[in-house]
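The values are calculated or read from the model by the stated rules, or taken from the named source; none is laboratory data. Values in this document were obtained by computation on a predicted structure and should not be read as measured data. Glycine gets a Cβ as well: all are built from the backbone with ideal geometry, and neighbour counts include every protein chain shown.
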């Protein structure tokens with residue numbers, strides 16, 4: 001199997017950052033680089049990988065605070081859904097609300113769209129637009145021998161993302177999960193934006209929101 005996956009908490013709110021790599025080519029995706037840039041780069045190096053794309057499930061500050069540093073130090077392209085660009089550009093304001101400071105973000109290199117495929121080495125991930133937590137929330141589904149979903153703050157273990165922030169919608173997040181995520185294979189492993197892993201089957205059966 002050529003898929004390499006390593007997830008670990010970064011930044012002030014413990015966002016789950018994930019390195020997803022192809023062992024044959026050495027190309028990797030970094031999902032939600034929310035901080036601790038040097039740690040992310042060190043982990044990439046220890047895995048023998050080079051970041052190609054920085055994929056963002058959404059543009060809340062705790063998921064994008066490391067994006068500038070990663071772009072500058074690795075050359076990996078910043079990728080986001082267009083509908084979250086307004087939040088991305090509010091990085092400083094978002095951080096200040098939590099008593100933090102953040103550098104101005106770099107321009108987004110690539111805007112992602114629903115059902116787009118992103119290639120890294122011999123592998124690829126499918127982009128799923130799942131609005132609700134934010135207007136431009138995305139999930140990323142990687143198909144290898146088993147399915148793997150990076151759900152950001154859309155779906156958590158036995159919970160869902162909050163919808164009381166900028167552009168959030170409870171009705172939309174419920175629809176996104178039911179129509180885009182719960183249609184995936186039950187055995188799909190889910191790595192959320194915070195907290196422990198889960199599976200699609202577990203969330204269908206045990207998530208109190210459904």
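General remarks:
- When residue 63 is tested against (1) in a strand (DSSP E or B); (2) out of contact with any helix residue (DSSP H, G or I) (no Cβ under 8 Å at 6 or more places or on another chain), exactly one condition is not met: (1).
- Test: residue 48 is under 20 Å from residue 123 (Cβ atoms), free of Cβ contacts under 8 Å to residues at least 40 places away in the same chain and outside any strand (DSSP E or B): yes
- When we screen 85, 6, 27 for residues that are touching a strand residue (DSSP E or B) at 6+ places or on another chain (Cβ under 8 Å), in contact (Cβ under 8 Å) with a residue 60 or more places away in the chain and surrounded by fewer than 22 Cβ atoms within 10 Å (Cβ to Cβ), the only hit is 27.
- Scanning region 66-77 for residues that are closer than 25 Å to residue 99 by Cβ, touching a helix residue (DSSP H, G or I) at 6+ places or on another chain (Cβ under 7 Å) and not in a loop (DSSP other than H, G, I, E, B) returns 69, 70.
- With a requirement of 2 or more residues that are within 26 Å of residue 76 (Cβ to Cβ), in contact with a helix residue (DSSP H, G or I) (Cβ under 9 Å, 6 or more places away or on another chain) and in contact (Cβ under 8 Å) with a residue 12 or more places away in the chain, the strands (runs of 3 or more DSSP E) lying completely within region 115-210 that satisfy it span 123-129, 138-143, 147-152, 189-192.
- Residue 117 vs. criteria surrounded by fewer than 18 Cβ atoms within 10 Å (Cβ to Cβ) and either under 30 Å from residue 68 (Cβ atoms) or at pLDDT 95 or above (or both): yes
- Filter pass, residue 32 being modelled with pLDDT of 95 or more, in contact with a helix residue (DSSP H, G or I) (Cβ under 8 Å, 6 or more places away or on another chain), on the phi > 0 side of the Ramachandran plot and surrounded by 18 or more Cβ atoms within 10 Å (Cβ to Cβ): yes
- Condition met for residue 54 (touching a helix residue (DSSP H, G or I) at 6+ places or on another chain (Cβ under 8 Å), assigned to a strand (DSSP E or B), under 12 Å from residue 29 (Cα atoms) and modelled with pLDDT of 95 or more): yes
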